[in-house]
């Protein structure tokens, strides 16, 4: 039998246990029911991680598949200063040379910085970025260096806490951001820099964190940024206390889709030929800038395009605004005598003049609307062909007067002046067309004054004459490829319009051939084995009294079946011998480029020792109108 | 015998024993299967992780090789190499090129009667 005391004690225990269990039950309900949503979210945040999976930015390749711009995955090296203890200086000493960083600066970054949290507690920073864009092999060296970090406890057995500290120091103190970053590289440095453009680094923030981003800022990089960027993937995963991913608990894993590769019409070798020739000429003639282009007139494909000074997109830190300027499309200028092709082609097309018609060139002085026009050398009567050959301003002005304003204006616009060419590059200017014609506009414009054009417009106009009167749109990108190299989109050549008839274009070619003769203004452009047709230009820069010149030469070859059209221009040439005319300074550069390009593209000569014999049946067509093939002949000494 | 009450314990039902055994086996089997499956998932995850690391290494190595290859293909690098090796290579003169004419297209065969 239990006595009352025992019974009371039993009741007391029962009550105490009941209270305890009630407390636990309440806690259980509180955690599992009342605060369930908040706590679940907190647990999820602590254990889960959303990783952004970066797609590889597409490459830019030339017409033969040579890589002009490519991306490599790189790391962002970070540190947790709280895990370094008092070894910050030593760690900085070990890894600074590997990261190519200043040791003192790195030491400062690695030193823990205490700061006060919102709840008043003082903590040290746990995250600092040491360096962006670190190549994987460099990161591997840093990692190896850290895992071999020596223990400072040699005279005794380290305690458990010391062991944990050194483990953290070696394996967790220096780490990489799990999100990949990319480094955009240009294997050829300066080559085609104005076309390729460059990229800039940015940061993208969302609810899950901050991510690195690269964005095209200029050139093709900017114009096709979206196509090359690709689509990001993501991964929702769990991690353990050592920040290691627990692969078996991945919840979502969506692979990124790489960006498309961009195939340019450029040819790396031709671009190299052009740039070397321009650099050489720049050293010799000392112009403010020099530029050039190589194009296939039949398709409008740009094979090379360069403006010096240029820049190295791998090292943008010291680049000036002057270097960034692609003057072929961003600058406009009075073209000078190259513009005579517009007025003469127009007049021929309208049957207003014939090549054999005579024009009185007034012995070099012609007064019109109170203004005296001059020729560089006096001429009496010249045929229309002679006007082009001798580049007579007075002759061209008189042909302009025959054409009259509406026709001249129409032909200028038909040849593509006053409107962008739609080349796939940013910041193209349309040039300036005269809005209010003055009395002397009709004699000024035919000799290339009072109108401003871009070099690209001038080249396309010359290309139209070479292409049977059809103006082509400049083609710079001809295909987009997927990561496997399969063509996704192809951009065919596009004809803008028929500017002049085929017959007129043929007449113009005949006239332009005479420019590159002893009697013409561009004998220095003549090639040994090819007939060249072209036109020189020497424009006085405004103000005209300053005697600064813009010299140019636009030509194509073989004249009767043109494969290549080349444009060379120099702004303010300072030749040691005082030469400044297009035929003197630009024509030799044209010849130099043309000969190498002809050899590289294996273009069949139309004169000289390898020219086809007349009336020998259908001529072989190797190298004409087809995709160029590399030279198969052995290169001889 | 049964009547005198000496052997009054009911006989063990074989069916019941079998049922109990099967149920136990099922529970133990399910447990073991669950553990085996978890182990397999863990092992596969480890393999996957290792392969992802290998793939990343290959990708990085491939990037490096691609970069080196492009460096070697640079026109300037090639020119320098030619100069270094003193090969004396120059562009061929037009007279040194041998061109083979394209065969003329065959005339279509006349249509039959």
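The values are calculated or read from the model by the stated rules, or taken from the named source; none is laboratory data. Note that the coordinates shown come from a computational prediction; the quantities given were computed from them, not determined experimentally. Here Cβ is always computed from backbone atoms with ideal geometry, including for glycine, and neighbour counts include all displayed protein chains.
Consider residue A:221 carefully, then state whether it is at pLDDT 90 or above and in contact with a strand residue (DSSP E or B) (Cβ under 6 Å, 6 or more places away or on another chain).
yes
State all residues of the range A:458-478 that are under 18 Å from residue A:266 (Cα atoms) and modelled with pLDDT of 95 or more; if no residue qualifies, say none. If you could, list the steps in order and put the result at the bottom.
Keep residues of the range A:458-478 that are under 18 Å from residue A:266 (Cα atoms), which gives A:459-460, A:463, A:472-478.
Those that are under 18 Å from residue A:266 (Cα atoms) and modelled with pLDDT of 95 or more: A:459, A:460, A:463, A:472, A:473, A:474, A:475, A:476, A:477.
Output the number of the condition that residue A:285 fails; it satisfies all remaining conditions of (1) touching a helix residue (DSSP H, G or I) at 6+ places or on another chain (Cβ under 6 Å); (2) within 12 Å of chain B (Cβ to nearest Cβ); (3) modelled with pLDDT under 95.
Here residue A:285 clears every test but (2).
Conditions (1) in contact with a strand residue (DSSP E or B) (Cβ under 6 Å, 6 or more places away or on another chain); (2) surrounded by 11 or more Cβ atoms within 10 Å (Cβ to Cβ), marked per residue:
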residue	(1), (2)
A:13	no, no
A:22	no, no
A:26	no, yes
A:33	no, no
A:43	no, no
A:53	yes, yes
A:56	yes, yes
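What residue, among those in the range B:84-113 that are more than 27 Å from residue A:530 (Cα to Cα) and modelled with pLDDT of 75 or more, is farthest from the other protein chains (Cβ to nearest Cβ)?
Ranking the qualifying residues of the range B:84-113, first place goes to B:84.
Going through A:127, A:165 one at a time, which residue ends up being touching a residue at least 40 places away in the same chain (Cβ under 8 Å), surrounded by fewer than 14 Cβ atoms within 10 Å (Cβ to Cβ) and either out of contact with any strand residue (DSSP E or B) (no Cβ under 7 Å at 6 or more places or on another chain) or more than 14 Å from chain B (Cβ to nearest Cβ) (or both)? Break it down into steps so the answer makes sense when it comes.
On the way: A:165 fails: surrounded by fewer than 14 Cβ atoms within 10 Å (Cβ to Cβ).
Answer to the check: A:127.
When both residues are 6+ apart or on different chains and their Cβ atoms are under 6 Å apart, which pairs have a first residue that lies in the range A:490-517 and is not assigned by TED's automatic domain parsing to the domain that holds residue A:461, and a second that is part of a helix (DSSP H, G or I)?
Correct list of pairs: empty, since none qualify.
Given the condition buried (at least 23 other Cβ atoms within 10 Å of the Cβ), at pLDDT 90 or above and in contact with a helix residue (DSSP H, G or I) (Cβ under 8 Å, 6 or more places away or on another chain), answer yes or no: does some residue in the range A:370-382 qualify?
no
Within the group B:48, B:66, B:81, which residue is assigned to a helix (DSSP H, G or I) and more than 8 Å from chain A (Cβ to nearest Cβ)?
Values: B:48 fails: more than 8 Å from chain A (Cβ to nearest Cβ); B:66 fails: more than 8 Å from chain A (Cβ to nearest Cβ).
Residue meeting the stated conditions: B:81.
Does any residue of the range A:261-274 turn out to be within 18 Å of residue A:571 (Cα to Cα) and assigned by TED's automatic domain parsing to the domain that holds residue A:491?
Restricting attention to the range A:261-274, the residues satisfying the condition of being within 18 Å of residue A:571 (Cα to Cα) are A:274.
Okay, now just the ones that are also assigned by TED's automatic domain parsing to the domain that holds residue A:491, so A:274.
Yes, the range A:261-274 has at least one match.
Determine whether residue A:259 is touching a helix residue (DSSP H, G or I) at 6+ places or on another chain (Cβ under 8 Å) and at positive phi.
So residue A:259 does not fit the description; no.
Do we find that residue A:67 is in contact with a strand residue (DSSP E or B) (Cβ under 8 Å, 6 or more places away or on another chain), closer than 29 Å to residue A:246 by Cβ and either at pLDDT 90 or above or surrounded by 13 or more Cβ atoms within 10 Å (Cβ to Cβ) (or both) in this structure? Break it down into steps so the answer makes sense when it comes.
Values: in contact with a strand residue (DSSP E or B) (Cβ under 8 Å, 6 or more places away or on another chain): yes; closer than 29 Å to residue A:246 by Cβ: no; either at pLDDT 90 or above or surrounded by 13 or more Cβ atoms within 10 Å (Cβ to Cβ) (or both): yes.
No.
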